[in-house]
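The values are calculated or read from the model by the stated rules, or taken from the named source; none is laboratory data. The structure presented is a predicted model; accordingly, all values stated were derived computationally and were not measured. We place every Cβ from the backbone using ideal geometry, glycine too, and count neighbours over all the protein chains shown.
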Amino acid sequence: MADSRVSKFAKVLVEHSARVLPADRILLEGTTAAEPLLRELYIQILEKGGYPHLMMALPGMMPFSQDEMYLTYAKDIQLDFVPTFYKLAYDQFEGRIRIHSATNTRGTTNIDPEKLQRRSKAISSITQAQFRRGADGSFKWVTTLFPTEAYAQDANMSLKEYEDFVFGAIHINEDDPIAFWKSMESKQQSAVDFMMGKSQVILRGPNVDLTLSVKGRTFMNSFGIYNMPDGEIFTGPVEDSVNGWVKFTYPANYGGTSVEGAELTFSNGRVDAAKAEKNQDFLLKTLESDAGSRHLGEFAIGTNFDIQQFTGNILFDEKIGGSFHMALGAGYPETGSKNKSAIHWDMICDMRKDSEILVDGELFYKNGQFVFEK
């Protein structure tokens, strides 16, 4: 990767996403595979007067010890252990930048799902701190990705093709990428404003027939603050309001396992039937994680039309322009969601053909495009 692209990437993360101020303590999470970006972030945070704290892991490792090595060798007492330094940072620091930089995305595929569930429960207090402090503005967090061979292979691309795809989605090639993301904020705000005060949402199409309520909930405008790349509007549906059926058109990846052809049926907000064409047992076990894992914590519409193909990475795939996604489990408090869970599992459905979304009886979205009257 050219140094100039890495430098511009870091600038977007430091100035637009993490909004680093003097004296901010910023946790940097990534593996050695992301060293060029971590180095640049370290320098630029110092130049802003902040205090970078580098938590660099070996290739294949994940934050909070959710990787193959830990999950394979850890005993129950170790699976239940809450990582000291991560807990401190998420409770006290002003921000964190996480860089996904895996060199093997299949490392946990054969790990017992019960181990994954146990580990997720142990670190749920860290996740809750992120959501809670993110909602009140005291913790500025952003998640992004550094291109590796593993991600390129998942996307069926060469590494160079994948690098170009990633930087295209982030708009690093723009003269002023930060100006682009601010313009996206403006464009999406009209849809957010339209949803204000609305109640019923109906989704219809070849793969969905759902109703849900967003009464009293807030739609968020996602333009590169929490994720980079970005492009979505999202909320937390009323917990007991979801009824109907959906078949997700893309594989639903979670914890290194890919569930294909997942179908969910909801009754009064709860998943009461689930099946899948591949890894159905994993789907069913994960749905039993806790009381909140069968309820939705998020409903969102993807708006990034520079992402059109499925790559196997949720950071990009949930932003596909013309799709919607829903997350089982933990919701974002800033949306009004009350759902709590150790999991947050995004699943994506294409709406670019013969599909529509009605809001309080008015056509809001059709075949992948917003069509409401402003």
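Brief remarks follow.
- Taken over the stretch 141-200, the criterion of being under 30 Å from Val359 (Cα atoms) and in contact with a Pro (Cβ under 6 Å, 6 or more places away or on another chain) is satisfied by Ala169 alone.
- Every condition in (1) assigned to a helix (DSSP H, G or I); (2) touching a Ser or Thr at 6+ places or on another chain (Cβ under 7 Å); (3) among the aliphatic types (A, V, I, L, M) is met by Ile202 except one, and the failing one is (1).
- Search result, residues across the stretch 347-367 that are surrounded by 21 or more Cβ atoms within 10 Å (Cβ to Cβ) and either under 17 Å from the mean Cα position of the chain (by Cα) or without any contact (Cβ under 8 Å) to a residue 40 or more places away in the chain (or both): Met347, Ile348, Cys349
- A single entry from Gly137, Gly216 fulfils the requirement of being of a type in the set (Gly, Ala, Ser) and touching a residue at least 24 places away in the same chain (Cβ under 8 Å): Gly216.
- Tabulated pairs, the stretch 293-322, first under 24 Å from Thr265 (Cβ atoms), second of a type in the set (Lys, Arg) and surrounded by 22 or more Cβ atoms within 10 Å (Cβ to Cβ), C-beta under 8 angstrom, 6+ apart or interchain: Gly302/Lys319
- Of all residues in the stretch 315-331, those that are buried (at least 22 other Cβ atoms within 10 Å of the Cβ) and not in a strand (DSSP E or B) total 6.
- Answer residue from the stretch 332-346, given it is not in a loop (DSSP other than H, G, I, E, B) and not charged (D, E, K, R) and is surrounded by the fewest Cβ atoms within 10 Å (Cβ to Cβ) among those: Pro333
- In the set Ile178, Ile233, Ile202, only one residue is outside the structural domain of Glu362 (by TED's automatic domain parsing) and at pLDDT 95 or above; that residue is Ile178.
Table: residues versus (1) of a type in the set (A, V, I, L, M); (2) closer than 24 Å to Cys349 by Cα.
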{"site": "Trp141", "(1), (2)": "no, no"}
{"site": "Thr148", "(1), (2)": "no, no"}
{"site": "Asp154", "(1), (2)": "no, yes"}
{"site": "Tyr162", "(1), (2)": "no, yes"}
{"site": "Met184", "(1), (2)": "yes, yes"}
{"site": "Ser190", "(1), (2)": "no, yes"}
{"site": "Gly216", "(1), (2)": "no, no"}
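- Just one of the listed residues (Glu185, Glu163, Glu174) is of a type outside the set (Val, Ile, Thr) and under 26 Å from Gly297 (Cβ atoms), and it is Glu185.
- Residue that is modelled with the highest pLDDT, among those in the stretch 112-133 that are over 17 Å from Ile77 (Cα atoms) and β-branched (Val, Ile, Thr): Ile126
- First in the stretch 153-165 and on the phi < 0 side of the Ramachandran plot, second anywhere and surrounded by fewer than 16 Cβ atoms within 10 Å (Cβ to Cβ), Cβ under 7 Å, 6 or more apart: Leu159/Glu149; Glu163/Met1
- Criterion: β-branched (Val, Ile, Thr), assigned to a loop (DSSP other than H, G, I, E, B) and either out of contact with any Ser or Thr (no Cβ under 6 Å at 6 or more places or on another chain) or within 15 Å of Asn313 (Cα to Cα) (or both) - qualifying residue of Thr143, Thr127, Thr72, Thr103: Thr103
- When the stretch 1-52 is filtered for residues that are hydroxyl-bearing (Ser, Thr, Tyr) and not in a helix (DSSP H, G or I), the ones remaining, listed by number, are Thr31, Tyr51.
- Inter-residue pairs, beta-carbon under 9 Å, first basic (Lys, Arg) and in the stretch 257-270, second surrounded by fewer than 17 Cβ atoms within 10 Å (Cβ to Cβ) and modelled with pLDDT of 95 or more, 6+ apart: Arg270/Asp240
Let's see how each residue does on (1) buried (at least 19 other Cβ atoms within 10 Å of the Cβ); (2) under 30 Å from Lys182 (Cα atoms):
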| position | (1), (2) |
| --- | --- |
| Asn221 | yes, yes |
| Asn227 | yes, yes |
| Glu232 | yes, yes |
| Trp245 | no, no |
| Pro251 | yes, no |
| Tyr254 | yes, no |
| Val271 | no, no |
| Phe282 | yes, no |
